[in-house]
Each structure stands twice: as structure tokens, then as C-alpha cells.
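The values are calculated or read from the model by the stated rules, or taken from the named source; none is laboratory data. Just so it is clear, the structure is predicted and the values come from calculations on it, not from any experiment. Here the Cβ positions follow ideal geometry from the backbone for every residue, glycine too, while neighbour counts run over all protein chains shown. Only protein heavy atoms, including side chains, enter the accessible area calculation; ligands, DNA and RNA are left aside. Shrake-Rupley method; radii C 1.70, N 1.55, O 1.52, S 1.80 Å.
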Amino acid sequence: MSRKYFGTDGVRGRVGLSPITPDFVMRLGFAAGKVFLDRCTMPAGERPSVLIGKDTRVSGYMLESALEAGFSAAGVDVCLVGPMPTPAVAYLTRALRLQAGIVISASHNPYYDNGIKFFSAVGTKLPDEVEQAIEAGIDQPMSCVSSAELGRVKRIDDARGRYIEFCKSTFPNEFDLRGLKIVVDCAHGAAYHIAPDVFHELGAEVVAIGAQPNGLNINAEVGATAPQALREAVLANRADLGVALDGDADRLQMVDAEGNLYDGDQLLLAIVRSRAKKGPVQGVVGTLMSNLALEHALAELGIPFVRAAVGDRYVVEMLHRNGWLYGGENSGHILALDRHSTGDGIVAALQVLAALKELGGDLKSLLGTLVLYPQRLINVPVNKGFNWADCPSVLEAQREAERRMAGRGRVLLRPSGTEPLLRVMVEGEDSRDVAEVAEAIAMAVRAAASGGE
């Protein structure tokens, strides 16, 4: 069944334009509330309760109020936690035994975008059938329960402290971070008041950057999508390591003392290598974007590797299907299901640090001989509904690229699930070939998208 509103990670778009408008978000809350009421079996006299968290975008105030109104009108209670990382909402929903968690965030996007994403009672993304049921109700007339049945709203005052303690609990008790100087880049996002404290309370000397949100500066030249700021801060402060999160703190990039950057594929391998020292790792799930070098490195360790569609929800689904624990995306979503139900940038960083404590050395030595293949990603803006597979010139450019790579790399075209973009990715042994091939395909896409087909 095709989706009208939900993408790969909830509902997302430009604030003020459909669907990220107050009236739509209120109807979304009402529709979701009705679905939760229908599907939840509650003790007599109790109503379902949902948790609402948000990142630091200025539009979060408006959308939070709209969601709150929609749920209340449906007869669902609401717990507010204010600015809180996406994985914190997943954890708190489970820990407080609520029926669902909702995050108001557009993750790594600029401040003028926003979105709504949902977690189930067990801290995982909602099943497709639940999202489809919510979609079916959005365009139905909105009503309101009687005054006596309206949902009530309260604030969870200790949510921050609860989540900090949870993050710390994922780090081995026999270790601490004393003697380490760590730069923590919070992207002016939801972890600004959490991540520095986690690392500090575990013993590290912390230098915090990207920790002064003003509603408009989230992800602006800081964070996991702009790691140059982290590199410069690590070198300037002579730090041992740097940790960069994105706006909702579910992505991670790291930098070592020399300023070398490590992406999600490399950090996932570091965690898996550490786990493999303790016992068999049944398998690892990556995505279509995962670097071929990761697949080869895991093969050398005798660890099976499979690729899911792009999006952490698809990685989680395949992990559950296979009964495996570890997976992720090169963008920095890293799953360690023995620690958390969803991708968590802070928890993932702690697993890498635990691996360094257990195995010794630095990130470079922990990764062994892993050298990522050159990879070129070009995001080409396209109109909504543009289908590259219907464009002969784009298909020919793709075929020519595959001929040129001749088995020495990969070519991938895929539409973004969150933005009006077509992502062109080429990976191979030779960086010059990779760049030229990627640009040739991107040029064909730009021409076709602008009507030059």
C-alpha cells in the first residue's frame, strides 16, 4: 500500500507547507490517538498515554502544541519531556510503559524543516500497518471526545536524568573515561544538555561545541553532517577523541587525535570487532549505501553481512528477522540491539570507547587494515514524483557507468525518503573514475528533471 504522508522516517517537510502545518499535525495527533485507543487494552478507568519529545527547532513549540491538542481531543493522555534526543524518547516510552512515543524533529535537516516520527511501546519504529491505519484516519473528519474523556497533559521533570543514567549503564562498569579529553559536538540539537554530561560523568574531560541552540542554528556547520567543526576543535584542544551527533542525536561520527574522521561503517566495524572477541557475532546488517570495504572486512572475520534498504527502520527490521544484534548505516545510524532498541549516537559512541578500553590502541589500530573504497554521493534536487527509471537518458548513463566500473565498484540511484532528492552513489577502486562516473549520471538526472529529456 502506497503512503501519502509517511516516509521512511515519519512525516517530514518544510514548516508552514503541507504537511508540516499546525492543522495537519493536530489531525495527525488525533488520528494516531484513535488508532492507539483502538489497539490498546487498558485497565478500567485508564487511558492510553503517549510521550512527546522534540529537538531544538523553533517550530517545535508550535507543533508540540498541535500534537498535544490532537491527542487530547482523541482522549489520549500526553507526557511532555521538551528537547530530548530521538533515542531518548524510544527509551523513555519503554521505561515508563507508555503506549507510544512521538518525536518532533527533522533530524539532520536545516531548522526550517521539521517532522513527526513515532515509536511503539517497546521503543521501535511503528509497524507499517499501524502507520497505514494512522494515514487512513488523517483525512477523515476530526471530532472531539466529551470534556470528561479529554486526554490530560503532564510534564516528566526527570526525563533528562533518567536518560543520562541509561546511557551510562551501557558502558561497562569495570571501565571509565578518566584521562581522556573528548570534544562533544551536539549540533545545537536535542543532546546539547545531555551528551556532554554523559561523557563527563563517566570521567572524561569534555569540551562541548554545538551546545548553544537558539532555535535556528541546529545542524548549521556543526554536528555529524558537518564534521569539519569537530576536526578543528579536536586539533585545537589537543583532544584524544571527538564525538559528533546530529540534531536529534541518533547519528554518530568520530574523530581521532590526528583529526581523522570515522563514519558509521568504520565505527560499526570497531564495535563488532570488540564484540567478536567475547563470542560469535551471528551477522551484521548494512544498507545499499554501506561501503564495500565493510563487507570485505566482515568476511575476513567470518561474519555474515547482508544489505537492507536505506533507512535505519529497515536495518532494524532485518536484524529482528535474522535474530542478529548489530547493524547500521554509513551516515552514522548504528544499531547495537544488545544495548538499545534503536540507533543512538551517544550509546554508539560509548560502545566504541568501550572497545578501545577493552582492546587497547586507538581507532586506527582498532580498525586494522580497513580502507574504505572511494565513494561519491551526489544529491540531485528533483520535483516530487520524478521517476528516474522512466528516463531513457538516465538509464543509459547508468548502464554506461556500470560498463565503465566493470565489476570494480557499485552504482546506485535511489530517491531520498525524506527530501525531494535523487541520490546518485558510485563506489569503486579508483577515486577519479568514481567522481567522473557519478557526475556523468548526475548531469543526466539534472537534464531529465528539468525537462531536458
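Counting heavy atoms of the protein chains only and a 1.4 Å probe, report the per residue accessible area for the range 38-123 as a whole number of Å².
Numbers: 2620 Å² over 86 residues.
Here the per-residue accessible area is 31 Å².
Using a 1.4 angstrom probe on the protein heavy atoms only, line up Arg376, Arg238 by accessible area, largest first. Numbers along the way, then the final one.
Working: Arg376 100, Arg238 210 Å².
Largest to smallest exposure gives the sequence Arg238, Arg376.
Compute the Cα gyration tensor for the range 188-320, then decide on rounded, prolate or oblate, letting a ≥ b ≥ c be the square roots of its eigenvalues: rounded whenever a/c is under 1.5, prolate when a/b is larger than b/c in the other cases, and oblate in all that remain. It comes out prolate by the Cα gyration axes. For a test of the definition: using alpha carbon positions, the gyration tensor, and the 1.5 limit on a/c, classify the range 281-351 as rounded, prolate or oblate. Judged from the Cα gyration tensor, the range 281-351 comes out rounded (a/c under 1.5). Enumerate the residues in the range 23-46 having an amide nitrogen under 20 Å from the point lying 7 Å beyond the Cα of Lys154 toward its Cβ. Residues passing the 20 Å test: 37, 41-46. Estimated from helical segments only, the mean residue ellipticity of the chain at 222 nm is -11500 deg cm²/dmol, where each DSSP H run of four or more residues counts as -39500 (n - 2.57). Could you tell me which of rounded, prolate or oblate describes the chain, using a ≥ b ≥ c as the square roots of the eigenvalues of the alpha-carbon gyration tensor, with rounded for a/c under 1.5 and, failing that, prolate when a/b is larger than b/c and oblate otherwise? Taking the square roots of the gyration eigenvalues as a ≥ b ≥ c, the chain is oblate. Taking only protein heavy atoms and a 1.4 Å probe, the accessible area of the chain is 50% carbon and sulfur.
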